[in-house]
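J.: Before I ask anything, here is the structure I am working with.
Throughout, read-outs are computed from the coordinates displayed, never taken from laboratory work. All values derive from a computational prediction rather than experimental measurement. Counting neighbours? That spans all protein chains shown, and the Cβs are built from the backbone with ideal geometry, glycine included.
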Amino acid sequence: MTNLLEVYKCMVCGNIVKVVHASEGTLVCCGQPMALQQEKTADQGKEKHVPVVEKTANGIIVKIGAVPHPMEEKHYIEWVEVRDKEKVYTRYFKPGEKPEAEFPVKSTEVKVREFCSVHGLWTNKA
């Protein structure tokens, strides 16, 4: 499976960038270097962020957290991404939506990531 794209966030304005082709140099936004978002894999505290993957008849369904993650105006899941050996699928969310999505992925080897507007990048392998 190919590596997932690095994710950077501007700590001033909140812009998020996925690097498609890494090279030399530093990503800058608002006059400051952007922060590389580290993938977290273990929940801490009351909010649950680690993506939960369940097989379905059509592929997989990804739910954010064993207990559904809040989807409030300032604290919500911005996107979830699924990667198998050949493709990348992304579903974007808005506040108020249910933090889960179904993907037509039949592969037994997938990696799932999600981005929380407050707590950053989370991942799980299925």
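J.: Out of the trypsin sites (Lys or Arg not before Pro) in the stretch 19-99, which ones are loop residues according to DSSP with at most 13 other C-beta atoms within 10 Å?
T.: Loop-located and lightly packed - LYS46, LYS74, LYS85, LYS87.
J.: Round to the nearest 0.05 the FRET efficiency obtained for GLU97 and ASP43 when R0 = 22 Å and r is the Cβ-Cβ distance.
T.: 0.60
J.: Right, here's the next one. Report the charge-dipole magnitude of the stretch 39-125 in Debye, nearest 20, computed about the Cα centre from +1 at each Lys and Arg Cβ and -1 at each Asp and Glu Cβ.
T.: 200
J.: Given R₀ = 35 Å, FRET efficiency for VAL28-ILE61 by Cβ-Cβ distance, to 0.05?
T.: Computed FRET efficiency for VAL28 and ILE61: 0.40.
J.: Additional query: Label the chain by shape, choosing from rounded, prolate and oblate, from the square roots a ≥ b ≥ c of the eigenvalues of the Cα gyration tensor; if a/c is under 1.5 it is rounded, and otherwise prolate applies when a/b is larger than b/c, oblate when it is not.
T.: Oblate shape, in that a/c is at least 1.5 and b/c is the bigger or equal ratio.
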